[in-house]
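*Asks:* The structure that follows is given in the form of structure tokens.
What follows draws every value from the coordinates through simple rules; no lab data is involved. Worth saying up front: this structure is predicted, and the values here are computed from it rather than measured. Note that we place each Cβ from the backbone using ideal geometry, even for glycine, and neighbour counts take in every protein chain shown.
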Amino acid sequence: MEKNYSSILANIRRFVEFSADDEAQLVSIIRTTRIRKRQFLDQPGFVCSYRNYVVQGAFRSFFVDNEGKDHTVQIAIEDWFVSDFYSYITRTPATLFVEALEDALIFQMKYDEVEGLCHINHRLSEYFRITTEIAFANSRMRTLSNLSKSAEERYVEYIGRYPGIAQRVPLKVIASYLGISPEFLSKIRAQLSQKS
């Protein structure tokens, strides 16, 4: 199993200073897990127990409405965290499915162990605070974008920010994330290719 923790340690060092002792404490709670394409990490009705860091692969978080239509709320690739974070933070049953879009490798950190470590390690606590605030700010920006921008503007903005995702993730998942139908997204892409 994967014993190279360089990716997650580099992620942490972008936000806080992290010593060799800090590394050892963090690595002691990491569980390395291989996930198959279409396998679920989280499902509605079960409390989300892990912070999941993506080492390799792609995931989506989505919910299913009363009519059976699914709505993607997050797409995650390497160097991102993915979970039903509301369930994880509040310790209440999940409302989201978290599904692997590719075969994947993840680092999992159990809630109780993360909390225990954060109580004794200020730098790790600071890291999780900062990244949670960034995730909240990005979620707020996405909400504002959905309310104020056209579907074409949202798509152009998304592929501008995350160009590698469009090649890896099915069109229907991107359309679901943007709140439009796959057919409408195909039209937008065709129109954009004609402009260029």
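*Asks:* At a Förster distance of 35 Å, what's the computed FRET efficiency of A10 paired with R34, Cβ-Cβ distance as r, to 0.05?
*Replies:* Numbers: r = 22 Å, r/R0 = 0.61.
For R0 = 35 Å, the calculated efficiency reads 0.95.
*Asks:* What net charge do the residues around E102 carry, taking every other residue with its C-beta under 10 Å from that of E102, with Lys and Arg at +1 and Asp and Glu at -1? Provide the component values of the computation, followed by the final result.
*Replies:* On the way: positive: R36, K37, R38, R168; negative: D103.
For residues surrounding E102, the net value is +3.
*Asks:* How high is the relative contact order of the chain? Use alpha-carbon pairs under 8 Å, at least six apart in sequence, and give a whole percent.
*Replies:* Answer for the chain is 23 percent.
*Asks:* Could you tell me which of S186, Q167, Y155 has its Cα farthest along the dipole of segment 150-196 towards the positive end, charges placed at Cβ (Lys, Arg +1; Asp, Glu -1), taken about the Cα centre?
*Replies:* Q167
*Asks:* When the scattering of the chain is computed by the Debye formula from its Cα atoms alone, each counted once and equally, what is log10 I(q)/I(0) at q = 0.10, 0.13, 0.18, 0.19 Å⁻¹?
*Replies:* Each listed q maps to, in turn, -0.46, -0.76, -1.32, -1.43.
*Asks:* Follow-up. Once you have all Cα-Cα distances for segment 37-100, histogram them in 10 Å bins from zero and send the whole-percent values.
*Replies:* 25, 55, 19, 1
*Asks:* List the trypsin sites (Lys or Arg not before Pro) within segment 71-153 that DSSP assigns to loop and that have no more than 14 neighbouring Cβ atoms inside 10 Å.
*Replies:* Working: sites: R91, K110, R123, R129, R140, R142, K149; in loops: R91, K149.
When the trypsin sites (Lys or Arg not before Pro) of segment 71-153 are filtered for loop state and at most 14 Cβ neighbours within 10 Å, R91, K149 remain.
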